[in-house]
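A.B. asks: Can you read through this structure? Questions will come right after.
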Amino acid sequence: MKILVCVKEVIDPEVPVNSIDIDSDLWKFSPKQGVSKVLNGFDENAVEAALNIKEQIPATDITILSVGKDFSMDVIKKPLSMGCQNLFLVKDDKLDQTDPFVTSNVLYKAIRKIGDFDLILCGRHASDWDNAQVPIGIAELLNIECVTLAKGITVDNNEIVIDRIIPGGIEKVKTSSPILVTVSNEYGEPRYPNLRGIMAAGKIQPTIFSLEDIDLTDEDLISTNEIIEIFIPEKDSNCEFVAGEDEYDIGRNLALKLRDKNLI
Amino acid sequence: MSKVLIFTEIYENDFDSSVLEMISMLRDLNIDSKNIIVAALGDDLYSKESILQNIPVGKVVGYKNIDTNQFNPNILMKLATGIIDQLLPEKIIIPKTSVGQDLAPRLAFKYKYGIVNDCLSIEESDNHWIGVRPVFGGNYLAKVKIKSDKQIFCIRTKVFDEFDEKNINPSIEFFEYEHNIETNSQIIERIQEQSDGIRLEDADIVVAGGRGLGGPEPFDTLEEIAKLLNAAVGASRAVCDSGWKDHSYQIGLTGKDISPNLYFTVGISGASQHMAGCSNSKHIVSIDKNVDANIFKDAEIGAVGDWKNILPGFLDTLQNLVKN
Ligand SMILES: Cc1cc2nc3c(=O)[nH]c(=O)nc-3n(C[C@H](O)[C@H](O)[C@H](O)COP(=O)(O)OP(=O)(O)OC[C@H]3O[C@@H](n4cnc5c(N)ncnc54)[C@H](O)[C@@H]3O)c2cc1C
Ligand SMILES: Nc1ncnc2c1ncn2[C@@H]1O[C@H](COP(=O)(O)O)[C@@H](O)[C@H]1O
């Protein structure tokens with residue numbers, strides 16, 4: 001089975017707001033010195049899903065694809081150290097933008113260049129812009145179907161069954177290759193790379209494409225949206241803290257206060 | 001003003017109430033509900049005409065006798081494209097429900113509509129609609145303008161109050177679907193989690209716990225409090241990812257959206273991705289040992305300290321209050 005996983009490097013979503021600079025001309029985010037980039041969390045879940053299929057069907061080959069302006073090799077190679085085989089990068093200064101249409105166009109053309117895949121996996125969304133659009137764009141351009149929000153994926157010959165998250169439960173979706181699936185954190189924790197994996201990853205050289213290599217046209221790079229402003233939402237916090245003689249008493253007073261305010 | 005199209009889901013006994021929130025939002029933009037067309041998605045709509053009659057807009061359209069295979073997104077997509085082909089709307093509003101958030105980008109890519117996803121509101125400036133949406137998990141807000149005239153706005157639910165004028169009734173038009181509705185992906189089974197008690201989304205009071213609880217056991221105390229208050233229990237993602245509670249308990253950006261009257265949290269730090277699912281609660285009340293925890297920026301009442309000591313005082317008092 002041939003699996004492609006699309007992964008994105010993002011600014012660590014757990015860092016405090018003030019560790020990111022906003023460029024107010026171009027409305028771009030950049031991490032301050034020392035703030036790390038990480039692999040988008042849901043993309044690690046997608047890599048884990050691919051690796052689980054490979055464990056079940058050893059003749060599986062997993063290719064990683066990422067698009068961006070620049071990459072930190074230790075971040076982007078993580079899927080290789082987890083156990084994936086190939087790495088393709090599309091790298092260009094013009095790819096420093098976030099428009100999902102543009103990103104989908106680039107990924108689509110790169111995929112056409114790399115080859116056919118039975119299964120394309122993506123994260124449910126990227127934790128920087130929270131768009132949740134690129135995977136659907138790729139599927140639309142490739143003219144294949146797409147199943148979002150997988151919690152489980154089972155492959156049995158040419159039949160693929162996806163446990164898809166819906167409100168209050170899951171639905172089982174029966175489908176077949178080629179198909180694009182987006183993976184959610186409910187899939188389960190991604191594995192940690194082990195030493196052997198890290199050594200193996202060190203030996204794999206990424207294939208790096210330029211925009212010309214994948215026949216990208218200027219039209220593919222036109223963004224559909226314009227960002228007018230980005231700002232940090234104001235919060236006027238005026239929390240009233242409950243006092244008490246000790247913590248038990250604070251709990252008691254908290255209950256009384258809630259009754260006082262008719263909240264309970 | 002051109003007409004605006006809203007997509008909505010029609011269930012067995014009712015339409016999805018988020019459509020009423022969308023109408024309120026459009027009302028704030030001076031769109032009269034008579035100028036709104038609702039595109040209804042659901043099974044066998046012909047037999048549900050009485051439900052469609054209750055949607056307070058100018059017109060409702062939908063396909064007559066379709067089996068959507070339990071709202072299969074790949075089938076809904078075909079129906080939605082059929083409706084767009086008929087009506088060629090410029091502006092499309094899609095509520096960010098489970099169905100809507102999947103459908104909106106599909107339509108955008110198919111028809112080369114511009115899209116702003118996950119809007120909290122739409123602002124008008126120089127006759128242009130500008131979507132206001134959280135990014136980076138809600139740490140920032142971005143104002144986004146779509147360059148083309150063909151625009152889709154996917155709007156977060158539970159932000160706007162439901163439109164409640166009852167004396168508007170739509171004209172209804174049914175279409176026949178003439179293309180092949182088959183898809184490669186079929187929903188073969190739905191498995192609903194058993195929930196004993198009140199649904200998180202519907203509860204008037206939600207009691208939620210975070211990583212600060214340290215394990216699954218303290219949730220028993222939260223369940224006990226919830227029972228006394230007739231409340232539902234929720235959790236942060238840290239709790240669900242650790243397996244202390246099932247993911248159906250998760251509140252937040254990638255979990256459930258709630259807007260209870262009282263949101264009561266214990267040991268939740270209030271990360272922006274968590275607050276994304278609960279900041280529309282009317283009153284937030286929190287227990288956390290860290291006075292600088294983010295949650296206190298949103299909370300109206302706070303108790304600082306170790307829950308292990310605070311909760312017993314709270315529970316004892318609560319039991320007395322309830323008894324009387
Ligand atoms: C893309 C993305 C999506 C996400 N989606 C969601 C989502 O939908 N929902 C969600 O919840 N999170 C989500 N997160 C995760 C989020 O960023 C936080 O990591 C998470 O909400 C933290 O959970 P927590 O508050 O329970 O834990 P922590 O942040 O660890 O907070 C624990 C709190 O407990 C307090 N505490 C500890 N011990 C005690 C004690 N004995 N007594 C009292 N207080 C104590 C601490 O002071 C602290 O404030 C998402 C993250 C990303 C990147
Ligand atoms: N620049 C990129 N390179 C590779 N994959 C990407 C890129 N941007 C988005 N994706 C994929 O699309 C998913 C959803 O991203 P988004 O639509 O931006 O929220 C991510 O989890 C990735 O799997």
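A.B. asks: How many residues, within the range B:168-184, are in contact (Cβ under 8 Å) with a residue 40 or more places away in the chain, loosely packed, with under 14 Cβ neighbours inside 10 Å and polar (S, T, N, Q)?
C.D. replies: 1
A.B. asks: While we're here: Find all pairs meeting these conditions: Cβ atoms under 7 angstrom apart; at least six residues apart or on different chains; first residue within the range A:184-198 and without any contact (Cβ under 8 Å) to a residue 60 or more places away in the chain; second residue assigned to a helix (DSSP H, G or I).
C.D. replies: That search, which allows pairs on different chains as well, returns A:E186/B:H247.
A.B. asks: Please state which of the following conditions B:L253 fails to meet, knowing it meets all the rest: (1) more than 16 Å from ligand 2 (Cβ to nearest atom); (2) in a loop (DSSP other than H, G, I, E, B).
C.D. replies: (1)
A.B. asks: Please find, within the range A:125-147, the residue that is surrounded by the most Cβ atoms within 10 Å (Cβ to Cβ) out of those that are closer than 20 Å to B:R156 by Cβ and within 7 Å of chain B (Cβ to nearest Cβ).
C.D. replies: A:I136
A.B. asks: Separate question: Here are the criteria: (1) within 17 Å of the chain's Cα centre (by Cα); (2) closer than 24 Å to A:C146 by Cα. Tell me which single one A:M1 does not satisfy.
C.D. replies: (1) is the only condition that A:M1 fails.
A.B. asks: Which residue, of B:S281, B:S236, B:S259, is closer than 24 Å to B:R133 by Cβ and near ligand 1 (Cβ under 9 Å from one of its atoms)? Steps first, answer last, please.
C.D. replies: Values: B:S281 fails: near ligand 1 (Cβ under 9 Å from one of its atoms); B:S259 fails: near ligand 1 (Cβ under 9 Å from one of its atoms).
Exactly one residue qualifies, and that residue is B:S236.
A.B. asks: Now for a separate question. Answer yes if at least one residue in the range A:134-145 is assigned by TED's automatic domain parsing to the domain that holds A:D43 and within 16 Å of ligand 1 (Cβ to nearest atom), and no otherwise. Even if it seems obvious, please write down each step before you answer.
C.D. replies: First, pick out the residues of the range A:134-145 that are assigned by TED's automatic domain parsing to the domain that holds A:D43: A:134-145.
Add one more test, that the residue is within 16 Å of ligand 1 (Cβ to nearest atom), and what stays is A:134-135.
Scanning the range A:134-145 turns up at least one residue that is assigned by TED's automatic domain parsing to the domain that holds A:D43 and within 16 Å of ligand 1 (Cβ to nearest atom).
A.B. asks: Here is a follow-up. Looking for whichever is among the hydrophobic types (A, V, I, L, M, F, W, C), free of Cβ contacts under 8 Å to residues at least 40 places away in the same chain, near ligand 1 (Cβ under 9 Å from one of its atoms) and surrounded by 21 or more Cβ atoms within 10 Å (Cβ to Cβ) here; the options are B:A299, B:A293, B:A271. Which one fits? Write out each step before concluding.
C.D. replies: Working: B:A299 fails: near ligand 1 (Cβ under 9 Å from one of its atoms); B:A271 fails: free of Cβ contacts under 8 Å to residues at least 40 places away in the same chain.
Residue meeting the stated conditions: B:A293.
A.B. asks: Just checking: which of the strands (runs of 3 or more DSSP E) contained wholly in the range A:178-264 hold 3 or more residues that are more than 7 Å from every other protein chain (Cβ to nearest Cβ)?
C.D. replies: Where strands (runs of 3 or more DSSP E) fall fully within the range A:178-264 and carry at least 3 residues being more than 7 Å from every other protein chain (Cβ to nearest Cβ), they are A:179-183, A:207-209.
A.B. asks: In this structure, does A:L80 turn out to be touching a residue at least 24 places away in the same chain (Cβ under 8 Å), away from ligand 2 (no atom under 14 Å from the Cβ), in a helix (DSSP H, G or I) and assigned by TED's automatic domain parsing to the domain that holds A:K203? Reasoning before the result, please.
C.D. replies: Values: touching a residue at least 24 places away in the same chain (Cβ under 8 Å): yes; away from ligand 2 (no atom under 14 Å from the Cβ): yes; in a helix (DSSP H, G or I): yes; assigned by TED's automatic domain parsing to the domain that holds A:K203: yes.
Yes.
A.B. asks: Assuming B:D220 fulfils every condition listed in (1) modelled with pLDDT of 95 or more; (2) within 16 Å of ligand 2 (Cβ to nearest atom); (3) not hydrophobic (A, V, I, L, M, F, W, C) apart from one, which condition is it?
C.D. replies: Condition (2) is where B:D220 drops out.
A.B. asks: Exactly one condition in (1) farther than 21 Å from A:T182 by Cα; (2) within 7 Å of chain A (Cβ to nearest Cβ) is false for B:I92; which is it?
C.D. replies: Only one criterion in (1) farther than 21 Å from A:T182 by Cα; (2) within 7 Å of chain A (Cβ to nearest Cβ) is unmet by B:I92, namely (2).
A.B. asks: Something else now. Inspect all residues belonging to the range B:262-269 and state whether any of them is modelled with pLDDT under 95 and of a type outside the set (D, E, K, R). Full working, then the answer.
C.D. replies: First, pick out the residues of the range B:262-269 that are modelled with pLDDT under 95: none.
There is no residue in the range B:262-269 that is modelled with pLDDT under 95 and of a type outside the set (D, E, K, R).
A.B. asks: Okay, moving on. Quick check on A:I153: is it within 16 Å of ligand 1 (Cβ to nearest atom) and in a strand (DSSP E or B)?
C.D. replies: Details: within 16 Å of ligand 1 (Cβ to nearest atom): no; in a strand (DSSP E or B): yes.
Answer is no for this residue.
A.B. asks: Now for a separate question. Here are A:C122, A:C146: which of them is at pLDDT 95 or above, near ligand 2 (Cβ under 8 Å from one of its atoms) and part of a strand (DSSP E or B)?
C.D. replies: On the way: A:C146 fails: near ligand 2 (Cβ under 8 Å from one of its atoms).
Going through A:C122, A:C146 in turn, the sole match is A:C122.
A.B. asks: For the range B:207-222, what are the residues that are surrounded by fewer than 16 Cβ atoms within 10 Å (Cβ to Cβ) and within 21 Å of B:N320 (Cα to Cα)? Walk me through it before giving the result.
C.D. replies: From the range B:207-222, those surrounded by fewer than 16 Cβ atoms within 10 Å (Cβ to Cβ) are B:214-217, B:220; that's our starting set.
Correct list: B:D220 only.
A.B. asks: While we're looking at this one, here's another question. Inside the range B:240-260, can you point out the residues that are more than 9 Å from chain A (Cβ to nearest Cβ) and closer than 17 Å to B:L213 by Cα? Break it down into steps so the answer makes sense when it comes.
C.D. replies: Quick first cut of the range B:240-260, residues more than 9 Å from chain A (Cβ to nearest Cβ) only: B:242-246, B:249, B:251-252, B:255, B:257-260.
B:S242, B:G243, B:W244, B:K245, B:D246, B:Y249, B:I251, listed by residue number.
A.B. asks: So which of A:K69, A:K54, A:K113, A:K91 is away from chain B (no Cβ under 14 Å), surrounded by fewer than 19 Cβ atoms within 10 Å (Cβ to Cβ) and near ligand 2 (Cβ under 10 Å from one of its atoms)? First the steps, then the outcome.
C.D. replies: On the way: A:K54 fails: near ligand 2 (Cβ under 10 Å from one of its atoms); A:K113 fails: near ligand 2 (Cβ under 10 Å from one of its atoms); A:K91 fails: near ligand 2 (Cβ under 10 Å from one of its atoms).
Selected residue: A:K69, the only one of A:K69, A:K54, A:K113, A:K91 that is away from chain B (no Cβ under 14 Å), surrounded by fewer than 19 Cβ atoms within 10 Å (Cβ to Cβ) and near ligand 2 (Cβ under 10 Å from one of its atoms).
A.B. asks: Write out, first by first residue and then by second, each pair whose Cβ atoms fall under 6 Å of each other, whose residues are 6+ apart or on separate chains, and whose first residue, in the range B:41-55, is in a helix (DSSP H, G or I) while the second is polar (S, T, N, Q) and surrounded by fewer than 18 Cβ atoms within 10 Å (Cβ to Cβ).
C.D. replies: Within 6 Å, the pairs are B:Y46/B:N65.
The values are calculated or read from the model by the stated rules, or taken from the named source; none is laboratory data. Quick caveat, the model's predicted, so the values are computed rather than measured. Reconstructed Cβ throughout: ideal geometry from the backbone, glycine too, with neighbour counts over all protein chains shown.
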